[in-house]
Amino acid sequence: MKEIIRKTSIAITMMGAMVLFGLWTPLVQAHNRISAVIDADYPDRNEAKESLGQLLFFDKILSGNKNTSCATCHHPLAATGDGLSLPVGEGGRGVGVMCDTGTGDDAIHERVPRNSPHLFNLGANEFSTMFHDGRVEKNLASSTGFDTPAGDAFLLGIDHALAAQSAFPPTSTTEMAGQAGENEVADAAAMGDVQTVWYLLTERVMAIPEYQKLFRAAYPSLNVPDEVTFTHIANAIGAFEAAAYRADNSPFDRYLRGEKRAMSVNARLGMKLFQRKAECANCHAGKFQTDHQFHALGVPQIGPGKGDGFNGHDDFGREQVTGDSYDRYKFRTPTLRNVVITGPWGHDGAYNTLNAMLKHHIDPENSLAQYDTAQATLPSRVDLDAIDFTVHNDPTSRAELAAAIEIQAIRLKEREINLLIDFLHALTDPQSLDLRSTVPARVPSGLSLSD
């Protein structure tokens with residue numbers, strides 16, 4: 001009898017909690033309208049192209065000084081990011097949070113001005129826009145199929161937006177190309193001659209017999225090496241990223257597929273708050289929790305910036321692409337899949353804890369005003385440190401950023417914040433916690449994978 005009373009009491013308590021948070025039958029109607037992710041949401045697989053792309057992704061042959069690969073800033077052991085607020089970029093040494101700024105003439109010249117975004121699910125068909133400011137965007141009306149900084153000089157025949165994105169880090173002097181005078185790739189990059197950059201790198205790759213064999217397998221209709229262009233390199237890298245970093249078996253995914261106990265009660269309570277009271281789903285909507293739009297949230301500006309505003313160290317975000325001052329300080333809504341493992345958070349990685357990032361969304365103006373610069377995760381160097389917070393510490397710049405904020409403060413209790421975080425944990429695919437299998441043992445160039 002006591003056991004019956006105990007179970008009844010627990011059931012009444014659970015029912016009360018669900019009624020309190022509006023979760024009692026049906027559970028989160030809005031999320032019930034979201035269909036589960038399926039294979040058709042992704043491009044068709046091509047294992048030969050993916051195998052080639054895996055090696056290219058990790059091979060430093062695609063950098064001007066042969067010291068940086070795609071994986072340097074998007075490493076699987078750092079959840080496809082680098083664990084830093086801002087990447088070290090070309091000239092740094094080490095991987096992830098162990099990166100330093102290099103030494104002597106080979107040291108980095110500046111930090112990369114924006115956080116290295118994770119790659120999870122970016123190969124899904126609905127992702128048509130890349131980079132924090134959306135400067136690469138699918139556009140069927142364009143002569144190349146994409147709007148990009150390269151304009152009509154962009155590559156032809158690119159498979160999807162993720163592949164298009166992979167073409168640009170090798171053209172950046174800060175990220176992969178190096179500085180003018182260091183190598184011919186860097187010289188072309190410094191002049192903005194992206195076509196020459198892509199040509200030179202393709203020539204490098206095709207000079208390696210093992211790569212020629214891999215290209216023949218991936219592109220059997222091509223006359224290799226004569227017909228290979230950087231398009232084929234970018235498409236292979238994109239194919240690898242789309243397949244290797246697909247993440248759609250989280251508790252949330254299983255819940256959508258009918259496994260109603262896949263998420264904990266707290267996660268379901270958090271899901272309800274996410275959808276309604278906390279208003280997170282206003283922007284973080286759909287299968288991958290993104291509206292693919294651009295919003296001004298007032299995330300503190302740190303780092304070297306993009307040449308805007310105060311001493312050129314501010315970053316006007318989407319305005320850099322559109323030229324419209326209305327878009328100032330707007331950045332793309334990121335997908336929240338695997339969000340708990342992909343910090344630091346924000347377009348510049350200003351927040352080092354998910355709790356702090358969430359509280360910024362809840363009260364952005366106050367969070368901006370009280371920002372603790374100790375949250376920035378940046379390898380120290382005196383000259384770089386001197387400019388990291390110049391914009392944030394300037395009252396006028398900070399006031400302009402605050403004035404652009406487009407979301408309103410929301411009052412949430414600490415318990416409600418914790419429930420939201422429980423839901424965000426439910427967006428983690430367990431398979432993404434161990435990505436060692438995506439790292440090759442070696443690359444055809446013979447260059448090191450680590451240093």
- prompt: Which of the residues spanning the stretch 189-217 are more than 27 Å from the chain's Cα centre (by Cα) and among the hydrophobic types (A, V, I, L, M, F, W, C)?
  reply: MET191, LEU200, MET206, ALA207, ILE208, LEU214, PHE215, ALA217
message: For the condition buried (at least 24 other Cβ atoms within 10 Å of the Cβ) and of a type in the set (Ser, Thr, Tyr), what is the one hit in THR196, THR144, THR148?
response: THR148
query: Would you pick out the residues in the stretch 294-337 that are of a type in the set (S, T, N, Q), more than 18 Å from ALA376 (Cβ to Cβ) and surrounded by 22 or more Cβ atoms within 10 Å (Cβ to Cβ)?
result: THR335
query: If you go through the stretch 411-451 one residue at a time, how many are in a loop (DSSP other than H, G, I, E, B) and surrounded by 10 or more Cβ atoms within 10 Å (Cβ to Cβ)?
result: 17
- prompt: For the subset of the stretch 262-276 comprising residues that are surrounded by fewer than 20 Cβ atoms within 10 Å (Cβ to Cβ) and assigned to a helix (DSSP H, G or I), which member is farthest from the chain's Cα centre (by Cα)?
  reply: VAL265
message: So the check is Cβ under 8 Å with 6+ separation or different chains; which pairs have a first residue in the stretch 321-350 that's modelled with pLDDT under 95 and a second one that's outside any loop (DSSP other than H, G, I, E, B)?
response: none
message: Checking the structure you have, find out if any residue of the stretch 105-116 is of a type in the set (Ser, Thr, Tyr) and out of contact with any strand residue (DSSP E or B) (no Cβ under 6 Å at 6 or more places or on another chain).
response: no
field: Looking only at the stretch 387-438, and only at residues there that are in the same structural domain as VAL299 (by TED's automatic domain parsing) and of a type in the set (Lys, Arg), the one that is farthest from ALA78 (Cα to Cα)
entry: ARG411
query: Applying the selection to the stretch 233-255, what residues are in contact (Cβ under 8 Å) with a residue 60 or more places away in the chain and either surrounded by fewer than 19 Cβ atoms within 10 Å (Cβ to Cβ) or among the charged types (D, E, K, R) (or both)?
result: GLU241, ARG246, ASP248, ASN249, ASP253
- request: Check the stretch 277-291 and report whether any residue there is buried (at least 23 other Cβ atoms within 10 Å of the Cβ), in the same structural domain as GLY317 (by TED's automatic domain parsing), touching a residue at least 24 places away in the same chain (Cβ under 8 Å) and over 24 Å from the mean Cα position of the chain (by Cα).
  value: no
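Could you tell me whether the stretch 30-42 includes any residue that is over 24 Å from ALA189 (Cα atoms), touching a Cys at 6+ places or on another chain (Cβ under 9 Å) and either modelled with pLDDT of 50 or more or not in a loop (DSSP other than H, G, I, E, B) (or both)? Give the derivation first.
Residues of the stretch 30-42 over 24 Å from ALA189 (Cα atoms): 30-42.
Still in the running and touching a Cys at 6+ places or on another chain (Cβ under 9 Å): none.
No; the residues of the stretch 30-42 include none that is over 24 Å from ALA189 (Cα atoms), touching a Cys at 6+ places or on another chain (Cβ under 9 Å) and either modelled with pLDDT of 50 or more or not in a loop (DSSP other than H, G, I, E, B) (or both).
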- request: Please work out which residue is surrounded by the most Cβ atoms within 10 Å (Cβ to Cβ), limiting yourself to the stretch 94-141 and to residues that are polar (S, T, N, Q) and without any contact (Cβ under 8 Å) to a residue 12 or more places away in the chain.
  value: ASN139
message: Regarding the stretch 42-50, can at least one residue be identified that is of a type in the set (A, V, I, L, M), closer than 27 Å to THR173 by Cβ and touching a residue at least 40 places away in the same chain (Cβ under 8 Å)?
response: no
task: Name the residue, out of ALA164, ALA218, that is in contact with a Ser or Thr (Cβ under 8 Å, 6 or more places away or on another chain), modelled with pLDDT of 95 or more and under 22 Å from ARG114 (Cα atoms).
output: ALA164
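The values are calculated or read from the model by the stated rules, or taken from the named source; none is laboratory data. The model shown is predicted, which means the values in this text are computed figures rather than measured ones. For neighbour counting, all protein chains shown are included, and Cβ atoms are generated from backbone atoms with ideal geometry for every residue, glycine included.
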